[in-house]
Amino acid sequence: PFLLTTRRTIQFNPASDAWLDVSAFYALLHTTRPAGQPDLQSLEEAVGLCRGTFLEDVTVTDCAELEEWLLLTREQLRRLALESLHQLAECYEQLGQWDRALPHARRQVELEPWDERAERQVMRLLALTGRRNAALAQYEICRTRLAKELGVEPERETTQLFERIRDG
């Protein structure tokens, strides 16, 4: 059977033939190469499995425990996806593969629009790939979003990066 149930619990049967994207995601995140370095191919596959919010269409109104589990699991998976995207962008940046890094940095910003670390990655990668004007525009997008949504200015580090890019 695909499900194991009792009067109080329900779970997927790990011995069944069911394939779960979340299980595959966790397994891929725990794949490492010698010396503990991340396996970039496994990270690529893992983030490729992230196509939306965990159980996005599921709402729970009459079971506080299930609602809490769902909320916590969604947040945990979102954070793991964001960290994996950051790690991929960072690794590719260090390898000088800026065009491969940029989509991962951009996806971080899509998932977490107020993450200035990701905004700085996008700005830096745009500048490194010769798209200086796009990097400067990204700062303005970030600045406007932060002001409009949160009523704050960008972090000092973000503004300093903008100034370094602006000044060449």
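The values are calculated or read from the model by the stated rules, or taken from the named source; none is laboratory data. Only a predicted model underlies this, so the values are computations on that prediction, with no experimental measurement involved. Here the Cβ is made from the backbone with ideal geometry for all residues, glycine too, and neighbour counts use every protein chain on show. Remember, those area values only see protein heavy atoms, side chains included, never the ligands or the DNA or RNA. Shrake-Rupley method; radii C 1.70, N 1.55, O 1.52, S 1.80 Å.
Between 0 and 90 degrees, rounded to the nearest ten: what's the tilt of helix 132-145 against the longest Cα principal axis of the chain?
60
Can you sort Leu29, Leu55, Leu95 by solvent-accessible area, 1.4 Å probe, largest first? Don't skip to the answer; put the middle values down first.
Working: Leu29 40, Leu55 80, Leu95 110 Å².
The residues order as Leu95, Leu55, Leu29, largest area first.
How far apart, in nanometres, would the label points at Leu95 and Glu45 be if each is projected 7 angstrom from Cα along the Cα-to-Cβ direction?
1.6
Round to a whole number: what % of the accessible area of the chain belongs to carbon and sulfur, probe 1.4 Å? Can you show the working numbers first?
Details: 5800 of 11110 Å².
Ligands and nucleic acids excluded, carbon and sulfur reach 52 percent.
Report Asp62's accessible area, 1.4 Å probe, all protein chains in place, as a number in Å² to the nearest 10.
Taking all protein chains as shown, Asp62 has close to 140 Å².
Might you work out the accessible area of Glu116 for me, using a 1.4 Å probe with all protein chains in place, and round it to the nearest 10 Å²?
20
Can you give me the solvent accessible area of His30 with a 1.4 Å probe, rounded to the nearest 10 Å²?
Rounded to the nearest 10, the figure is 140 Å².
For the range 115-152 and the range 26-94, compute the distance between their C-alpha centroids and round to whole Å.
The distance from the Cα centre of the range 115-152 to that of the range 26-94 comes to 24 Å.
With every protein chain kept in the model, how would you rank Val58, Val47 by accessible area, 1.4 Å probe, largest at the top? The partial results should precede the final answer.
Details: Val58 60, Val47 5 Å².
Ranked list, largest accessible area first: Val58, Val47.
Using Cα pairs under 8 angstrom and six or more residues apart, how large is the relative contact order of the range 1-131, in percent? Working shown, then result.
Numbers: 104 pairs, mean separation 18.1, N = 131.
Dividing the mean separation by the residue count of the range 1-131 yields 14 percent.
With the other protein chains left in place, how much accessible area per residue, in square angstrom, belongs to the range 35-168 at a 1.4 angstrom probe? Please report the intermediate quantities before stating the final value.
Details: 8120 Å² over 134 residues.
On a per-residue basis, the range 35-168 sits at 61 Å².
What is the Cα convex hull volume of the chain when expressed per residue in Å³? Mind dumping the intermediate values first?
Details: hull volume 26.1 nm³, N = 168.
Considering the Cα atoms of the chain, their hull volume per residue is 156 Å³.
Take Trp98, Trp69 and sort them by solvent-accessible surface of the protein heavy atoms, 1.4 Å probe, largest at the top. Walk me through the numbers before you get to the answer.
Details: Trp98 85, Trp69 125 Å².
The most accessible residue leads, giving Trp69, Trp98.
Please express the shape of the range 106-168 as an equivalent ellipsoid: the semi-axes are the square roots of 5 times the eigenvalues of the C-alpha gyration tensor, given largest first in whole angstrom.
Semi-axes (√(5λ), whole Å): 18, 13, 9.
Need one number: nm distance between label points at Asn133 and Thr9, each 7 Å from Cα along Cα→Cβ, rounded to one decimal.
6.0
What do the square roots of 5 times the Cα gyration tensor eigenvalues come to for the range 68-129, in whole Å, largest first, as semi-axes of the equivalent ellipsoid?
Details: eigenvalues 123, 26, 9 Å².
Equivalent-ellipsoid dimensions as semi-axes: 25, 11, 7 Å.
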